[in-house]
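Here's the structure, in structure tokens; my notes come after.
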Amino acid sequence: MKRLKVIFQLGALVLAPNLSGAVWATTAPELLKSYEVQSGKASPARGEQFFNAKHGKEWSCASCHENPPNHETKHIVTGKVIKPLSPNSNPERFTDQAKVEKWFKRNCNDVLGRECTAQEKADVLAWLMSVK
């Protein structure tokens, strides 16, 4: 029982800073670096190709975000306004790691039918950072 208590206490120490939000705040370059650490060097060319391609599902990333993703668009089903995806056009993009992961998970599932790999995220983010 004592051992379990210690494990929970250690878990709380690890998780507590993450719950404050400060640890989750980031920049697009920092996020890209973290994906590259997991996967290897990003390729903006691969990212653009990935963004525009259909991967066996009905949609591509460009279906909703358009290409170039540097202006407001609307979701093709809901009609909800989507702010520019490029961090050069929308400095708020890719500044909250929890939000980034939430949307990558949701959108990758819509486009791929699975979660994106760290390499796919790195490639797409590298390309998005190049879009003016």
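The values are calculated or read from the model by the stated rules, or taken from the named source; none is laboratory data. Note that the structure is a prediction, hence the values are computed from the model and not measured. Reconstructed Cβ throughout: ideal geometry from the backbone, glycine too, with neighbour counts over all protein chains shown.
Within segment 35-61, the set of residues being surrounded by 13 or more Cβ atoms within 10 Å (Cβ to Cβ), in contact (Cβ under 8 Å) with a residue 60 or more places away in the chain and in a helix (DSSP H, G or I) comprises Tyr35, Glu36, Ser39, Pro44, Arg46, Gly47, Glu48, Phe50, Phe51. With respect to (1) part of a loop (DSSP other than H, G, I, E, B); (2) modelled with pLDDT under 95; (3) under 14 Å from Val124 (Cβ atoms), the lone exception for Cys64 is condition (1). A count restricted to segment 67-85 and to residues that are among the hydrophobic types (A, V, I, L, M, F, W, C) and either part of a loop (DSSP other than H, G, I, E, B) or in contact (Cβ under 8 Å) with a residue 60 or more places away in the chain (or both) stands at 3. Name the residues in segment 86-132 that are part of a loop (DSSP other than H, G, I, E, B), under 21 Å from His71 (Cβ atoms) and hydrophobic (A, V, I, L, M, F, W, C), would you? Matches in segment 86-132: Phe94, Val131.
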